[in-house]
1. Can you tell which of LEU80, LEU58, LEU118, LEU74 is aliphatic (A, V, I, L, M) and touching a strand residue (DSSP E or B) at 6+ places or on another chain (Cβ under 8 Å)?
2. Taking region 153-185 on its own, how many of its residues are surrounded by fewer than 16 Cβ atoms within 10 Å (Cβ to Cβ), aliphatic (A, V, I, L, M) and modelled with pLDDT of 80 or more?
3. In region 7-29, which residues are in contact with a Phe, Trp or Tyr (Cβ under 6 Å, 6 or more places away or on another chain) and closer than 24 Å to LYS170 by Cα?
4. Sort out which residues of region 51-73 are among the hydroxyl-bearing types (Ser, Thr, Tyr) and under 15 Å from SER32 (Cα atoms), and write them in order of number.
Amino acid sequence: MNWRSKYIWIELLKGSRKTSNFLWSFILFLGSLGFLVVGTSSYLGRNLLSVFPSDQILFFPQGLIMSFYGIAGLFISSYLWCTILWNVGSGYDQFDRKEGIVSIFRWGFPGINRRILLRFLMEDIQSIRIQNQEGIYSHCILYMEIRGQGAIPLSRTNKNFLTLDKIEEKAAELAYFLSVPIEVF
């Protein structure tokens, strides 16, 4: 949900609470739980669940390795669930022409730097930059070039989900709103 008026532009960012992250976390949790059940069943010498037969799997080395993969998968799954719970990467970009201030806010991991807030003057913005990378994992990144601070990424998109035309349109609207040029790399 974005909000825009004559003087203020606020763009809300979703963060890690995306459907794909929920899906991958759930799949990883179930898969690693299956590996751990088969490894434990091979150690005990009997099937804990009839869905996962472990009669033909010896504990050393197959059952041990499956248990290790199951535990590692549970750790990775719990990490993904924590990033979803904390909504890491969510926040907003606020451009205020009336005050002449740009605020970029993001939620990070818990700790001292959980709240990330960047504020600077609009007159320090040199340009809006689009970086397009082609290849196997092609993507577009929208940057804001700030005098003295370098390039600050505003949004990163995967070309499979968002077209280059929409990114260019967003960059053009933002550059027009901020009265700065656009650079394409």
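1. LEU118
2. Here the count works out to 3.
3. Within region 7-29, TRP9, ILE10, LEU12 qualify.
4. Looking only at region 51-73, we keep the residues that are among the hydroxyl-bearing types (Ser, Thr, Tyr), and these are 54, 67, 69.
Hits for region 51-73 are SER67, TYR69.
The values are calculated or read from the model by the stated rules, or taken from the named source; none is laboratory data. As the structure is a computational prediction, the values presented were derived from the model and not from experiment. Every residue, glycine among them, receives a Cβ derived from its backbone with ideal geometry; neighbour counts consider all protein chains shown.
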